[in-house]
Amino acid sequence: MHISKFVTPEIIFGKGALSQVGECCLRLGAKKVFIVSDPGVMEAGWVDKVTSVCRSSHLPYEIFCEITPNPKDYEITKGVKVYLASECDAVIGVGGGSAIDAAKAISILATNGGNIHDYEGVDKIQYPLPPLVMLPTTAGSGAEVSQFSVIVDSVRQVKMTIVSKSLVPDIAITDPYTLVTKNRELTAETGMDVLTHAIEAFVSLAATPLTDVQAKNALTLVAKYLRPSTASHTNEEAKTAMAMASIQAGLAFSNAILGAVHAMSHAVGGYLDMPHGKLNAILLPYVMEFNLLAAPDKFMEMAQLMGINIAGLTSAEAGRLAILHVKQLALDIEIPLCLSEIGLKEEYIPRMSQAALEDVCILTNPRDVTVSDLDRIFRKAL
């Protein structure tokens, strides 16, 4: 008998949903909350909005905003020290994937102790975490609904993937209005991250009917709304659609896991500290070309979901059109087309290929992958 699980937090979605954060924390029994964010989100004013709601709910708080893109192990160590000293008993993550991943990592150490490196891999967490409420300000990472946290090991210069159902937040609050402060570049990169989550989850070896529903819905929304969302920061319909796509893609990959795109982007991002969404966007079509052989029928369905006319085409022909569509989408929203444009050098590739092969995400890639395969894909994307 095949047994699968589908884990999800309570989800509160809609314009103005941010106002629910205080009540949500109180429902979870919080007496004092630890707010984890980053300087950019602080500057955009969203942390102030959250603290205002907390004050209205008579809920004390402590703020920790010393998180960088691709959060580092030493930032987590510092954050947990501040958490323990502040005597907080719940955690709010406010921001993109970096802030939310960091909030989860700090929560692990708050109740489990040790070093964040101890939890790399799958199901290493033994004790319950503090109540977690996550409030994303990007339509991208899906971290607010996932069982993942990705933290950089600053010594090894690799991204550690931590996977545990304990990391699924108690409540995810998605307010599409927060997306209006994102610039064009960030909107494009995080939107391509959503697309990557949807595609990798859809073809994953661990996909199920429940994850397929979420992945397909997300894919359809991104194909329709990422361009207008990138073109205008005030397009409310597009922002709302992309926020929903991010949630659905997050639910899909949290339960179906991912594939070679994320394994490869984790390798590069950990070593060179590059934007995760941009790396995924560049690598995605090259990995799709590699994986087409393993899942042609799903690639054909992807083409349909993207609005491509596939009448009279074979699954392989339709799949190749889906790959071309992804390349054109990236081109339209001004994503770089190759890794050399963002600083990857040929001499890095052997190290990157080995690191990607050791990433947990590679396990659910639909096609068997060797270090030589990864080397070839990296060189094509260079």
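Rule-based calculations on the coordinates, nothing more; no lab input. Quick caveat: nothing in here was measured; it's all calculated off a predicted structure. All Cβ positions, glycine included, derive from the backbone under ideal geometry; neighbour counts span all protein chains shown.
Structural remarks
- For the stretch 1-109: rounded, prolate or oblate by the Cα gyration tensor [a/c cutoff 1.5]: rounded
- Percentage of interatomic Cα-Cα distances in the chain larger than 26 Å: 47
- The GluC sites (Glu not before Pro) of the stretch 303-346 that meet both conditions, a loop assignment by DSSP and at most 13 other Cβ atoms within 10 Å of the site Cβ, are E334.
- Cα-based equivalent ellipsoid, the stretch 338-382: semi-axes from gyration tensor eigenvalues, Å: 19, 10, 9
- Fewest neighbouring Cβ atoms within 10 Å first, the residues M274, M352, M288 line up as M274, M352, M288.
- Once the Cα-Cα distance is subtracted from the 0.36 nm per residue extended length, the Q328 to E347 segment shows a gain of 4.0 nm.
- Global geometry of the stretch 10-178, whether rounded, prolate or oblate, following the gyration tensor of its Cα atoms and the 1.5 cut on a/c: prolate
- Against the main long axis of the alpha-carbon atoms of the chain, helix 209-231 sits at an angle near 90°.
- Put in order of Cβ neighbour count within 10 Å, fewest first, the listed residues V180, V261 become V180, V261.
- Length-normalised contact order for the chain - Cα pairs under 8 Å, 6+ apart - percent: 16
- Burial ordering of H276, H2, fewest other beta-carbon atoms within 10 Å first: H2, H276
- Averaging the sequence gap over all C-alpha pairs within less than 8 Å and six or more residues apart, then dividing by the number of residues, gives the stretch 10-178 a relative contact order of 28 percent.
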